[in-house]
Amino acid sequence: MTSSKIEIQLQTLPDTAGVYQFFDAKDTILYIGKAKNLKKRVRSYFNKEHEYGKTNVLVKKIRAIKHIVVASETDALLLENNLIKKYQPRYNVLLKDDKSYPWICIKKERFPRVFSTRRVIKDGSEYFGPYTSIKTVYTLLDLIKGLFSLRTCNYDLAEDKIENQKYKVCLEFHLGNCKGACEGKEFEADYLQNLASVREILKGNFKNSLSVFKNQMKTLSADLRFEEAQVLKEKISILENYQSKSTIVNPKISDVEVYSIVSDERYAYVNFLQVSHGAIIRAHTMELKKKLDEPDPELLSLAITEIRYRFKLQSDEIYVPFKVDLSTNLKVTIPKLGDKKHLLDLSLRNAKYQRLEQLKQIKITDPDRHTKRIMNQMKSDLRLDKAPTHIECFDNSNIQGTHPVAACVVFKNGKPSKKEYRHFNIKTVEGPDDFASMTEVVYRRYKRLLDEGLPLPQLIIIDGGKGQLSAALKSLDELGLREKIAIIGIAKRLEELFYPNDPIPLYLDKKSETLKIIQQLRNEAHRFGIEHHRNRRSKSALKSELESIPGIGDKTRIQLLQAFKSAQRVSFAKLDELEHIVGKSKAQKIYNFYNNKK
């Protein structure tokens, strides 16, 4: 059995790749795992009895779950590796450094070598990776070797040693794999130019190299050397489908902290990532409850101070999304591009997921608080004087100019109140006139509410642009409600929100909760109106056809429709079938009516 706290966490986990951590009652990490889908993977621990006893014991000890969102399954694998080495949880297999992932190194030396290694040494050399597969490393090295003639020997190619002819070329030179730098047969500038192309390949920029490969493949094909051309084709395929960089680890970034923030009216969420030796080793998201309307820079500064104190952090540099005021000698960097910006984006993504998760949990545990937050958000977004706990939305349905109708849907606290939905058959308007129809239904709706002493909405939404909004305003003016109810129009094409006497529309964030509720209202009004319009046309068609049969009254028509379900089926019915329903005399009249028409 899972506790209510764990159950809520399970319901609100994101459907994305990441790393999860299980904690016991003493807040000690029990287990760290990776997942392609966090929600499915973590839930699987609690949905069944496990084959192995240790797993069952682990699940019984879990009292809290934390997670870190990453960009891909590969990133999750790398982050899991780093965190397990850092914390060595009891229920994880111990991962030792000598079993670490492979890197590709460009050695800091004259005529630098390019080779694979599992050890990162701080000697000024460049490291790319880590890679989750040694096969990938070998593939890249093989591609580089095939494209560029780089040395593989470990000679010290100092200038004086080459001049003194200390070395002799080896077999690699005679095979064409090396140009003989050890005997001075290659200029250092040419070698370094090739090395620049190697760096681009390792960074994932294959454009120039692919162009070279493709030209070589065409040349080989033209010379009928198809086997060699096929080898190059396979290498091109590998390059085109491979992504060489990971957002999780970058050896150039060491001993820094990354901070980001997202906030709403009442709360702020600050995410922190600690990067050591190019790897994320710690992540944490702090929730701050606002007392006043504090700005994000002020909240972020407070959170950074608290997090650094809590975790006893001593980094000399931090990455943040904007300038912050800190009374320390910290180097503050605001990344704009590259790997640093990727780390900041990852931190921001985690902060957003944390906020989303908290909102989902509040929706489950405290629906009143959730509703109040949504209403306050709508009040702020739509520039209203009151929270719109009662909203009504109008839509006209006038297909092909026949049977004009309108619909009014009602939302209470952001949710449909279907028992209060109303249909309107247009009575005073001749022909398809949407503006006049809108004026009529708005007047009829609120005249009735006033006459019956029923509560008025805080917000009216009109499905349409400026014209429809102006038509609705005529009725509010006539009823004296112009200043008592807020009213806006929503245009379908660009989701523009129009206000009375304001020529400039309001555009909301496409992902905002306010816009989603408005769209839901608009779509519900449209659906409800179309449904009524369809029913009116259907009933009208049935009525006109069945009513034209001489000697057949309403009671008989109802019997026929109940038995045959449609007028069309009545028209194809056999005489004995009709007699069974309405008797011989009426059956003969109906049968003759339809068969004489045929």
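Values quoted throughout were computed directly from the atomic coordinates according to the rules given, and no laboratory measurement underlies them. Fair warning: this is a prediction, and the values are worked out from it, not measured in the lab. Neighbour counts run over all protein chains shown; Cβ positions are idealised from the backbone, glycine included.
Overview of results
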| item | result |
| --- | --- |
| 25 Å Cα-Cα reach of Lys555 towards lysines, excluding residues that sit fewer than 8 places from it in its own chain | Lys539, Lys543, Lys565, Lys574, Lys584, Lys586, Lys589, Lys597 |
| Potential lengthening between Leu356 and Leu141 on full extension [0.36 nm per residue; Cα-Cα distance subtracted] | 73.1 nm |
| Links that overshoot a 27 Å alpha carbon limit, given the list Lys122/Lys323; Lys39/Lys492; Lys5/Lys341; Lys379/Lys511 | Lys122/Lys323; Lys39/Lys492; Lys5/Lys341 |
| Cβ-derived FRET efficiency at R0 22 Å, Gln314 paired with Asp27, nearest 0.05 | 0.45 |
| Two-site FRET efficiency, Phe187 against Val231, from Cβ-Cβ distance with R₀ of 35 Å, rounded to 0.05 | 0.75 |
| Ordering of 17-23, 500-506 by packing [mean C-beta count within 10 Å, highest first] | 17-23, 500-506 |
| Lys289-Lys484 FRET efficiency (beta carbon distance; Förster radius 30 Å; 0.05 resolution) | 0.30 |
| Simple label model, 7 Å out from Cα along Cβ direction - Ser72 to Lys168, nm | 4.7 nm |
| Added length on full extension, which subtracts the Cα-Cα distance from 0.36 nm per residue, Ser585 to Asp451 | 43.1 nm |
| Cα-projected label distance for Arg493 with Lys161, points at 7 Å along beta-carbon direction, nm | 7.3 nm |
| Sorted by Cβ neighbour density within 10 Å, fewest at the top, the residues Phe46, Phe322 | Phe322, Phe46 |
